[in-house]
Structure formats: C-alpha cells, structure tokens
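A short write-up of the structure that comes next.
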Amino acid sequence: MLSSTRIPGMTARGHCVILAAFLAAPLTGQSVTAQSRRAILVGIDQYNPDPATRVRIAEPSSPHYPRPAVDGDATYWRFDNLDGALNDVALMKDVLADLGITDFVILRDQEATADAILSALQKNLVDDAKSGDIRVFYYSGHGNHIRNLASAEQGGEDQSIVPADNWRDTADVRDKEISRILWKAALKGVKVTFIADSCHSGSLSRGAWNASGKVRSSSGRRAGTPGFKPREPVANDAATLDPATGQPIDPEKAGVLTLAAAQSNEEAREIDTDAGAHGAFTWALAHALKYAGEPMDRIFQRVSAELRAAGVSQQPVMGGLGRGARGLFGEPADPGAGLRILVESVKGKDIHLRGGVEVGLYPDCILKSAGDAPVRLKITASSGLGSSTAQVVGEGEVEAGGLFTVERWVSPSKASLHVFVPPPAPASVVQAVAAEIGKLRGDAAIDWLEDPTAGRPTHILSWDGASWILETNPAVGKPANLSAAPSAEAVKRLLPNKAKFLLLLPPTPELAMALHMGASVEIARQRPGAHYWLCGRWTGTAAEYAWALPDATEDSVRALSGRMALPLRSDWIAGGSSDADIQSAASSLSGKAQLLARIRAWLTLESPPGQESFPYRLAFRNVDTGEFHGAGDMREDEKYKIYLKTGEPELKAARNLAPRWVYVFAIDHFGACTLLYPDPNRGNEGNRQPYAQFGEQPKFDPLIALPGGQYDFSIAEPFGVDSYFLLTTQDPIDPAVFTSEGVRSKGGTRGAATDPLSEMLSDLNTGKRAAKRVETPGTWSIESLTIRSVAKDR
C-alpha cells in the first residue's frame, strides 16, 4: 500500500510457449515500393477429431517441408480440444485488416498440419516475399516443449507449437524449425511479426472449482490402448549458426518483435466473452491495437492492463531490440499520432465507418472532420469490433474516404463486473453439513483451508444444487457425488493424507434473493467468465460469505511479481439467521460487489481514442537513493516523489501540445482509492502542468517534478499489488472523485460531480458506471502502472 501521510494502506492454455526466437521484424531501411502485406493465421480447436472425421480426412501426402527427426511418440502428450482458437483467428483477421493487411492465408483445424504450417511459413515469408514486404504470422492453439539433446536453451528443451495432426503421431513444430525460416526472411529484409497465443495444453472445466476456463497446457500422458506405453519425444537438433558470428541464429537481433501470451512458467487462459470463447491474450491484444503507427510499448501496456483487469494471472511477453518504439509491423511509430476514423461508404443518411468497439467507439460518440468548418458525426450503432454507423449532426456533407477524429467520447454502458452466485441450499442443509464436515477441521491427516485465497486446495467439497460433490484440483475424472447429507467419515475416506481440503458453502435461498447488485454488477449464469465467485466458509459456529477471485491465492500473486491488480477477495460477512441479519449480510455483500466493480472499472477505463497528444508518463523517484523506480517491488518505509516523464522524440512528435490538469491516484491491495496528487485538501491548486505564471509560456521539459513536499507517498500496509494511475484532462475536475473505500473495511469521502468527466469518474467510484451513458470531452487520457509493495524484511 501507499500513503501520502502514512495512511494505512478462466480456462488456461498452459505454461506458455514463449517462442521468442520465432518473432522477427527486421529494422531495415529497405524500400517499401510495391510493398505487399500478408498475414498467415493458424487456429486449432480440434485436436481429437471423432472417428467419422478421421475417416474423411485423407491420408497425408508426402511432406513438402524437410524436417529433422524426433525420436519417440508425439502422442506421449495429451491435448484436449480448445474452444476459442478459431474465434481468435476470425477476430485477428478483422483487426489486421483494419490495420492495413490486405492478403490472408488461413489454416483452420485439420488444415493446420505440421507440414502445412512449415510450408506456409517458407512460401509466404521467404519464397514469395521480397525486401520491405510485411508478414504477420499468428498462431492460436496448444503449445508444448520437446527435449532436445543438442539444445542449449533452459532445461535442454525446445519450445513448440502443436499441429492438428498430433493424433497421427506427428512431431511438434519446434522453435528451431521456425527460427530457420524467419532467419532467411530477415536476411531478405522482410518485416515479420509473429504473435503466439499458446502454451502447453488444457484440462476441461468440471465441478465448482475447475471452472475458470480451459488451460492450454500439457495435461499428462495420452491414455492409449492397454499395454501401450508411449515414449517421450526427444530431438537431437543443434541450433543453426550464423556464419558471420559463429553464434546460434537469433532473428531478434535482426529486429525481432516478440508477442506471446505469457511467461514460460505461467498458464495462458481462454476466457468467455460476449463474442464467445477467446484466448485472453488475443482478446486483450485485439482491443489494444488501435492504429498501426502506435508505438508497441504503449500497446503492450494496454494489453497488460486488460489482462490484469480481467483477473487473468498471466503476464504477456514482448521482446525485440528497439521494437518497443516502433509500430506493430516494424514501421517508424508516430507517438503524437491519434486515431483517424475512415468513412468506408455513405448510404443515404447512414455513414459507415471503419472502426468500432475495438478502438473505443460507442453509440453517441461525436466525431469531427478537420478544417475551419468541421462536419460532425454521431455514432448511432457499433456493428462489431471493427465497424460503426453514424449520421451527420447539423450541417455538412460526407464522402467515402473522409477522415474523422473523436471530439466527444461516451463510455460504454455495460456492467463492469460479472459475479457468480452458486445454487442456494436450505439453511438446514448448509448448517447440518457444515457442522458434520467441520469435524474434519482438527484432523491431523487433513490440511483444512479456512480461506480459498490462503492456499490452493487439492480437494473441494461444494453444493451443485441437488447434492454435495467432491472434486480434485486440477480435475481428474468426474467429481464424486456424495448425496445431500455426506458424513465426515465418508469424505475423509476419499481424501489422501494431508489433502488441502476446502469446504465451499452455498448461500441460503433467502440470502441469494436479497442480493441487489445495481447496474455495475451482473450475476453470471455460469462460473466460467465470472470475475468473482461468492464463497461460503464455516467458522465452527456460523457461515460467512465473501467475493473471491477464482483460483487465486496470496502466494500465487506474490509469485507473479505483483501483476494481479484486482483484490483477491472482499471481507467475510456473517450470513445470519434472522431476517434482519440476512438483509444486512446481503446489503454488505452487494456493496462489496459494487466496490469491486468500481476497481475493475478503473483498471479497464481507457483514454478516448486518439488522445495521445500529451506524451508524459508516470515516474517515481526514491528520495533516499535518488533513483527512479524501474522493475521490482516497492518496500515498506520507502518514500517516493512523483514525476511526469517523457523523451525528446515524443515531445517533438506531440501535436497541439498544451498544459493539462494532472491527477495521480492509487488503488491498494484492499481496493482503497487514494489521491496522491494534488493535495486532496487544496483542490485544483497548481496542478495544471507544466506550471506557468500568467502570460508565461509553459516549459515542456522531458522530466517534470510535481509540486509538493520532499516526497509524495511512502509504502505502508496493507502490502500487496497496488495500481497507480495518471489522469490528465483539458478541463479541471473535482479531485474528490479519486477517494473511496476499499473492499476490506476502509473509509473514504466523495464530493458531488460538477462536469461530465467528473460525473463519469464519480460513477466509477460509486459503482454506477453502467447506469447511464455519460458524454465526456475527447481531451483526456489515463494510464496505469501495477507495482507490488512488500514489507521491508522481505
């Protein structure tokens, strides 16, 4: 936690295949005359075709692409079918088309054999490409790792992608095979970007606990016929050496762009969205890619923020020498450029635009053209991620090919938080089973978990609406059905020694009916896709309930180095037995859900599209060491001064550079929102930056220290993941909107909103964001940083 005056503060796609050596975008100065732009998209959901499908699939012809031999059986690993890979391909095709890709080669499901993937890479990246051409290779599906006796990589393993013909005992496509093709493309001056939403394989969602979505990770050995013991695949394939250096080839050093779903020791998840199942990384990336010339550093920051706000515990990876300052396709970035919306066609009063929800355009947004007498358009409908319909407001005519920018922005009116409430059970059932199973709390052979966020359970007992079920974590087979009244002895017989056991109590019908969430919170029908679950526990004498982040623990968050920005859970609230107690509990739980919605709304709030003209970012300097905070933790008692920081190129590129009103605030590990700048007791005094006296020109230096004392905040309890925000606006707003209580018994105050932007921000803090649309000026921006705070002795 932070303090200005010592105030206390899915479905997964597996341990991710980074494929770092796969991604190349050479930073050559080659001519782009007659430049071609092509994307090769590969998506595989179907890894286990049914017998009829297998019969219909013709036997493969002789392979076109020569491959090094791999000893062993590819079927050593089991790969379950996925749900979102084909959806990912369709989404990325639309996004890349909006960004200027004109030609697509697509391999879906059983088309995506190992030979087809490698042949497509060779043909499109090398054989048919010339210097300056742009190529994007996108893969969505399972990833894996293969032992390589000649590999110098970590663990002596090659990263790989799993082809659709794995069931035919076809070896994975290893990183060394792909790197060789990309190296040839790099030597030709082809600009290649490789995006991988893959990791090892996934387990199916089952029961109450294993319902957060599919994991694209390896799920053990494939169950074969009796007596068949597949051998683990092993390669003996040394890396190709660069003749110029004698070192293994590395397309990154030729200008590689690395975009991958997660770290090598993390899972990459699938999530349920309004548009169906998608890879969490792909969904976030599609929303972050607004225009091709935007620097990748900025895009990557938005991708990371989107994943944090979704409660997805994976950290995406971007690498490449000098690539962060360039655009997606390796072209020089324009940091000062904003979004330009293209008119595709005009049909009567309806004007069809290229650009929709993925670039932040929602109904009632106002666009304007350039010139002394601008034409204004009002968005009437968003037709999907990539298109919108608008009509002229006032006078003026519009022609196809015209360009518009955002003048007034409207926030989307939808619930910012989805919660799952499990099927209720009568109070008599809850109390009787809790008291009976509670006998196991003192059993030395069982590790009883009091809190789902305190440790990762291996066995979970829960109510499915008709009976109690016992499942394992991760899921193995079907959950055990223990009827409506299991005994403690019956449960114990099913538990191994030292099982980490979690009893999840359902709400009573009275408590469930009394929950009233408000417009910012939506009760999900199923566990998958819900941000929080209502969890009940037994104290020994009574039932308590809290909102908990699915399958997240304090230890797992610490292992993520501070990337889980959402609170792990709310306070525990006693369920009560009397009508008054039940109503009070429901009111408290509803309020906590609204506070969680407020936190997630802050984390997902994006700047209006195209507002990139204020080039500054947040920077924190440790006042004792004088160093700016980079990577790593902030520690207890450390004191920090807040700066606005940018570079000379960004200053030169910024258009219409003008001072802005600056607000810096933070949300701590427990969800409390604290204003760090300006001083909350002094309102908007002196917080228009860069500061200048009347009649003087503001000085836009690369580094600006925000006015205040020697330091602006220090690190104190509660320790955990803190999110810091920089909000800049053209007009001043009420600073009181940045202060509110947390989900763990923290207080705060709020003032009345007096302008549209303040009204929208205040609605975030009061949990009303989805209640109505608020039209705001298009001249404000927001960015966030997530940093872990720890005790000084850690």
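The values are calculated or read from the model by the stated rules, or taken from the named source; none is laboratory data. What you see is a predicted model, and the numbers here were worked out from it, not measured in a lab. Don't worry about glycine lacking a Cβ; one is built from the backbone with ideal geometry, like all the others, and counts go over all protein chains shown. Protein only, heavy atoms only, side chains kept; ligands, DNA and RNA dropped before computing areas. Shrake-Rupley method; radii C 1.70, N 1.55, O 1.52, S 1.80 Å.
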Hits in segment 677-719 - residues which are in a loop (DSSP other than H, G, I, E, B) and polar (S, T, N, Q): Asn681, Asn684, Asn687, Gln693, Gln697, Gln710
Selection count where residues are modelled with pLDDT under 75, surrounded by fewer than 22 Cβ atoms within 10 Å (Cβ to Cβ) and not basic (Lys, Arg), scope segment 717-765: 11
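Within segment 138-180, take every residue that is part of a loop (DSSP other than H, G, I, E, B) and farther than 14 Å from Leu118 by Cβ and give me the one that is least open to solvent (accessible area, probe 1.4 Å).
As a first pass, look at segment 138-180 and keep what is part of a loop (DSSP other than H, G, I, E, B): 149-153, 162-163, 169-172.
Keeping just the survivors that are farther than 14 Å from Leu118 by Cβ gives 149-153, 169.
Details: Leu149: 121, Ala150: 39, Ser151: 20, Ala152: 106, Glu153: 68, Asp169: 71 Å².
Here the answer is Ser151.
Considering only segment 513-521, I want to know if a residue exists there that is touching a Phe, Trp or Tyr at 6+ places or on another chain (Cβ under 8 Å) and crowded, with 20+ Cβ neighbours inside 10 Å. Don't jump to the end; show me each part of the working.
Of the residues in segment 513-521, the ones touching a Phe, Trp or Tyr at 6+ places or on another chain (Cβ under 8 Å) are none.
Scanning segment 513-521, I find no residue that is touching a Phe, Trp or Tyr at 6+ places or on another chain (Cβ under 8 Å) and crowded, with 20+ Cβ neighbours inside 10 Å, so the answer is no.
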Unmet requirement for Val491, which otherwise passes all of (1) under 34 Å from the mean Cα position of the chain (by Cα); (2) not in a loop (DSSP other than H, G, I, E, B): (1)
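Checking the structure you have, find out if any residue of segment 95-109 is part of a loop (DSSP other than H, G, I, E, B) and either surrounded by fewer than 16 Cβ atoms within 10 Å (Cβ to Cβ) or basic (Lys, Arg) (or both).
Going residue by residue through segment 95-109, those that are part of a loop (DSSP other than H, G, I, E, B) are 99-102.
Next cut, either surrounded by fewer than 16 Cβ atoms within 10 Å (Cβ to Cβ) or basic (Lys, Arg) (or both) only: 100, 102.
Checked against the condition, which is being part of a loop (DSSP other than H, G, I, E, B) and either surrounded by fewer than 16 Cβ atoms within 10 Å (Cβ to Cβ) or basic (Lys, Arg) (or both), segment 95-109 yields at least one hit.
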Selection from segment 633-650 of residues that are assigned to a loop (DSSP other than H, G, I, E, B) and under 16 Å from Asp722 (Cα atoms): Asp633, Glu636, Asp637, Glu638
Matching residues, segment 547-574, being modelled with pLDDT of 85 or more, among the small types (Gly, Ala, Ser) and open to solvent by less than 10 Å² (accessible area, probe 1.4 Å): Ala548, Ser570
Segment 437-479, residues that are open to solvent by 50 Å² or more (accessible area, probe 1.4 Å) and not in a helix (DSSP H, G or I): Ala444, Asp447, Glu450, Ala454, Arg456, Asp464, Ala466, Pro474, Val476, Lys478
Residue that is modelled with pLDDT of 90 or more and either touching a strand residue (DSSP E or B) at 6+ places or on another chain (Cβ under 9 Å) or part of a loop (DSSP other than H, G, I, E, B) (or both), where the choices are Phe614, Phe620: Phe620
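Step by step: first the residues of segment 363-375, then only those that are among the charged types (D, E, K, R) and in a loop (DSSP other than H, G, I, E, B), then the one that is surrounded by the fewest Cβ atoms within 10 Å (Cβ to Cβ). Which residue is that?
Going residue by residue through segment 363-375, those that are among the charged types (D, E, K, R) are 364, 368, 372.
Going one step further and asking which of them are in a loop (DSSP other than H, G, I, E, B), we end up with 364, 372.
Details: Asp364: 15, Asp372: 4.
Here the answer is Asp372.
Is it true that Gly647 is small (Gly, Ala, Ser), on the phi > 0 side of the Ramachandran plot and surrounded by fewer than 21 Cβ atoms within 10 Å (Cβ to Cβ)? Give the steps one after another, and end with the answer.
Details: small (Gly, Ala, Ser): yes; on the phi > 0 side of the Ramachandran plot: no; surrounded by fewer than 21 Cβ atoms within 10 Å (Cβ to Cβ): yes.
For Gly647, the condition - small (Gly, Ala, Ser), on the phi > 0 side of the Ramachandran plot and surrounded by fewer than 21 Cβ atoms within 10 Å (Cβ to Cβ) - is not met.
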Answer from Gly355, Gly360, Gly311, Gly322 - the residue that is loosely packed, with under 15 Cβ neighbours inside 10 Å and either within 29 Å of the chain's Cα centre (by Cα) or modelled with pLDDT under 80 (or both): Gly322
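Within segment 651-671, which residues are in a loop (DSSP other than H, G, I, E, B), open to solvent by less than 10 Å² (accessible area, probe 1.4 Å) and out of contact with any Asp or Glu (no Cβ under 6 Å at 6 or more places or on another chain)? Even if it seems obvious, please write down each step before you answer.
Initially, segment 651-671 is screened for residues in a loop (DSSP other than H, G, I, E, B), giving 654-659, 668-671.
Those still in the list that are open to solvent by less than 10 Å² (accessible area, probe 1.4 Å) too: 668, 671.
Listed by number, the list holds a single entry, Gly671.
Test Arg135 against the criterion of being of a type outside the set (Phe, Trp, Tyr), in contact with a Leu (Cβ under 6 Å, 6 or more places away or on another chain) and either at pLDDT 90 or above or farther than 28 Å from Ile57 by Cβ (or both), and give yes or no. Explain how you work it out, then say what you get.
On the way: of a type outside the set (Phe, Trp, Tyr): yes; in contact with a Leu (Cβ under 6 Å, 6 or more places away or on another chain): yes; either at pLDDT 90 or above or farther than 28 Å from Ile57 by Cβ (or both): yes.
Yes: the conditions hold for Arg135.
Does at least one position in segment 51-64 carry a residue that is outside any loop (DSSP other than H, G, I, E, B), among the hydroxyl-bearing types (Ser, Thr, Tyr) and either farther than 30 Å from Ala666 by Cβ or modelled with pLDDT of 90 or more (or both)?
First pass over segment 51-64, keeping only residues outside any loop (DSSP other than H, G, I, E, B): 51-56.
Subsequent filtering for residues that are among the hydroxyl-bearing types (Ser, Thr, Tyr) retains 53.
Next cut, either farther than 30 Å from Ala666 by Cβ or modelled with pLDDT of 90 or more (or both) only: 53.
For segment 51-64, residues outside any loop (DSSP other than H, G, I, E, B), among the hydroxyl-bearing types (Ser, Thr, Tyr) and either farther than 30 Å from Ala666 by Cβ or modelled with pLDDT of 90 or more (or both): present.
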Residue check for Ala196: at pLDDT 85 or above, more than 19 Å from Val126 (Cβ to Cβ), buried (at least 24 other Cβ atoms within 10 Å of the Cβ) and of a type outside the set (Phe, Trp, Tyr): yes
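What number of residues in segment 240-269 are assigned to a strand (DSSP E or B), under 30 Å from Gly100 (Cβ atoms) and modelled with pLDDT of 85 or more?
Residues that pass the stated criteria total 2.
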Residue within segment 580-592 that is over 21 Å from Pro424 (Cα atoms), in contact with a helix residue (DSSP H, G or I) (Cβ under 8 Å, 6 or more places away or on another chain) and either assigned to a loop (DSSP other than H, G, I, E, B) or at pLDDT 90 or above (or both) present: no
